[in-house]
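Colleague: What follows is a single structure, and I will ask about it in a moment.
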Amino acid sequence: MKRTVEDHAARFSEKAAEYDDSKSEEYYACADLVVEHADPGPDDVVLDLGAGTGAIALAVASDAERVLARDISEGMMAEGRRKAEERGIDNVEFAYGEFRDPEIGDNADGRVDVVTSNFALHHLADAEKREAIRVMAETGARRVVLGDVALFEGPDPEEPFYSPDVDDPATVGTLVEAFTAEGFAVTAVERVHDQVAVIVAERGAAIAG
Ligand SMILES: C[S@@+](CC[C@H](N)C(=O)[O-])C[C@H]1O[C@@H](n2cnc3c(N)ncnc32)[C@H](O)[C@@H]1O
């Protein structure tokens, strides 16, 4: 991680009020695919990591039993809670949680069926991403849907998808290997852009061909 958790939290809290106003076409395409692949059922608990202002958490809420939205930035979560209230959504819980410890507690009896994460894991170094994927596996979720800045080709600092001083995207191959190392089958890899991927990892499913 190029910045500490505290630095990232402060950085996001500072821009939380404007965060939703400055998104790229690829970000929306990625978020839509994460929501589509997450596809929770009415009895499912979804854990959304790096939930921010709730792009994914609020979008899947009407299909799920409950959504545990976890983030390190109180400012981003305050925006998320405000949006939930505005939209009359009452089954999303925003609370502090890090990738390495999402602090699920005994919420929904500690059950997690689907894990989602969009545009957040790239803040961690590759070893920390592997640890985060191990933590996702340990929740017992049957499906993980990860949308993120991830490199299909070599890095291109000219592109707007990440700032090398704060972001640390992995290659798609590194992420796929991390999921398979935790016993998941990777059932889909969507190429949103050369530097933006959606990866779907499932337990007991056929591997993507
Ligand atoms: C670019 S925003 C994405 C927010 C949201 N998922 C979306 O799609 O709009 C990245 C989020 O990741 C959070 N974040 C950064 N590092 C984190 C960590 N170690 N654990 C949990 N969340 C983290 C930030 O606070 C921020 O809200």
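Colleague: For residues that are part of a loop (DSSP other than H, G, I, E, B) and within 24 Å of Q195 (Cα to Cα), tally how many sit in the stretch 105-124.
Modeller: Residues of the stretch 105-124 part of a loop (DSSP other than H, G, I, E, B): 105-106, 111-113, 119-120, 124.
Subset that is within 24 Å of Q195 (Cα to Cα): 119-120, 124.
Total satisfying the criteria: 3.
Colleague: Please enumerate the residues belonging to the stretch 21-32 that are touching a residue at least 12 places away in the same chain (Cβ under 8 Å) and surrounded by 15 or more Cβ atoms within 10 Å (Cβ to Cβ).
Modeller: Step one: of the stretch 21-32, the residues touching a residue at least 12 places away in the same chain (Cβ under 8 Å) are 24, 26-27, 29-31.
E26, Y27, A29, C30, A31, listed by residue number.
Colleague: Within the stretch 61-82, is there a residue that is farther than 28 Å from P164 by Cβ and acidic (D, E)?
Modeller: yes
Colleague: Kindly indicate the residue of the stretch 118-127 that is touching a residue at least 60 places away in the same chain (Cβ under 8 Å) and under 19 Å from A181 (Cα atoms) and also nearest to the ligand (Cβ to nearest atom) among those meeting that condition.
Modeller: Let us first name the residues in the stretch 118-127 that are touching a residue at least 60 places away in the same chain (Cβ under 8 Å), namely 118-121, 123-125.
Now drop any that are not under 19 Å from A181 (Cα atoms), which leaves 121, 124-125.
On the way: L121: 8, L124: 6, A125: 11 Å.
Filtering the stretch 118-127 for residues that are touching a residue at least 60 places away in the same chain (Cβ under 8 Å) and under 19 Å from A181 (Cα atoms), the one nearest to the ligand (Cβ to nearest atom) comes out as L124.
Colleague: Going through A9, A108, A61, A17 one at a time, which residue ends up being surrounded by 15 or more Cβ atoms within 10 Å (Cβ to Cβ), more than 26 Å from A125 (Cα to Cα) and modelled with pLDDT under 95? So that I can check it myself, show each step before the final result.
Modeller: Details: A9 fails: more than 26 Å from A125 (Cα to Cα); A61 fails: modelled with pLDDT under 95; A17 fails: surrounded by 15 or more Cβ atoms within 10 Å (Cβ to Cβ).
Only one candidate passes the filter, namely A108.
The values are calculated or read from the model by the stated rules, or taken from the named source; none is laboratory data. Please read these numbers as outputs of a predicted model, since none were measured by experiment. Methodologically, a virtual Cβ is constructed for each residue, glycine included, from the backbone with ideal geometry; neighbour enumeration extends over all protein chains shown.
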